[in-house]
């Protein structure tokens with residue numbers, strides 16, 4: 001009899017914890033905000049992996065300028081794509097003035113792409129209730145990895161990037177020049 005009561009008590013505590021956990025996860029940030037090429041981008045937290053300081057990159061010959069090279073991140077080689085250069089927002093060479101704040105955002109290994117995005121600056125985390133979606137008139141002209149556009153309370157515009165779609169995008173995968 002005591003075992004049944006203990007089991008019921010345990011189930012009640014677990015149910016309460018699960019409910020609290022789901023409420024807490026609803027309040028957590030959904031995006032990592034980054035800046036690159038003077039633009040703001042939102043990366044889904046579930047699709048972004050670990051963040052690393054900009055380390056020494058090994059150049060790879062015969063690749064596009066936006067492919068910054070390879071980096072050893074936690075013992076694994078990752079291809080590094082300069083996000084701003086890939087999107088055509090600036091020339092491939094990272095300006096010295098932003099190198100100190102530049103970071104490598106690895107893609108979640110579940111996406112099947114052993115790569116990282118070189119961004120110029122981290123801008124924190126964003127919650128859905130901090131942003132308002134902006135309607136874009138011509139959605140067809142945008143690449144498949146370009147998600148919705150958002151505006152924050154300060155009026156700053158953020159372009160959401162769909163990292164799974166980016167990881168499958170033909171141009172993103174075609175690093176050879």
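The values are calculated or read from the model by the stated rules, or taken from the named source; none is laboratory data. Computed from a prediction, not measured in an experiment: that's the story for all the values here. Here the Cβ is made from the backbone with ideal geometry for all residues, glycine too, and neighbour counts use every protein chain on show.
Scanning segment 131-155 for residues that are out of contact with any strand residue (DSSP E or B) (no Cβ under 6 Å at 6 or more places or on another chain) and exposed (fewer than 15 other Cβ atoms within 10 Å of the Cβ) returns 135, 137, 138, 139, 140, 141, 142, 143, 144, 153, 154, 155. Within segment 69-91, residues that are on the phi > 0 side of the Ramachandran plot and modelled with pLDDT of 95 or more have Cβ atoms under 6 Å from residues that are in a loop (DSSP other than H, G, I, E, B) and exposed (fewer than 13 other Cβ atoms within 10 Å of the Cβ) in these pairs: 69/59, counting only partners at least 6 apart in sequence or on another chain. When segment 112-167 is limited to residues that are part of a helix (DSSP H, G or I) and touching a residue at least 12 places away in the same chain (Cβ under 8 Å), the one that is nearest to residue 43 (Cα to Cα) turns out to be 163. Any chance segment 106-115 includes a residue that's closer than 19 Å to residue 174 by Cβ, at pLDDT below 95 and buried (at least 17 other Cβ atoms within 10 Å of the Cβ)? The answer is yes; a qualifying residue exists.
Kindly check whether there is at least one residue in segment 120-132 that is at pLDDT 95 or above and touching a helix residue (DSSP H, G or I) at 6+ places or on another chain (Cβ under 6 Å). Checked against the condition, which is being at pLDDT 95 or above and touching a helix residue (DSSP H, G or I) at 6+ places or on another chain (Cβ under 6 Å), segment 120-132 yields at least one hit.
Filtering segment 59-75 to residues that are touching a helix residue (DSSP H, G or I) at 6+ places or on another chain (Cβ under 8 Å) and exposed (fewer than 15 other Cβ atoms within 10 Å of the Cβ) leaves only 65. Residues of segment 76-85 that are within 21 Å of residue 109 (Cα to Cα) and either in contact with a strand residue (DSSP E or B) (Cβ under 7 Å, 6 or more places away or on another chain) or surrounded by 20 or more Cβ atoms within 10 Å (Cβ to Cβ) (or both): 77, 78, 79, 80, 81, 82, 83. Among the residues making up segment 156-173, those that are surrounded by fewer than 16 Cβ atoms within 10 Å (Cβ to Cβ) and over 15 Å from residue 116 (Cα atoms) are 156, 157, 170, 171.
Of the candidates 101, 78, the single residue that is out of contact with any helix residue (DSSP H, G or I) (no Cβ under 8 Å at 6 or more places or on another chain) and part of a strand (DSSP E or B) is 78.
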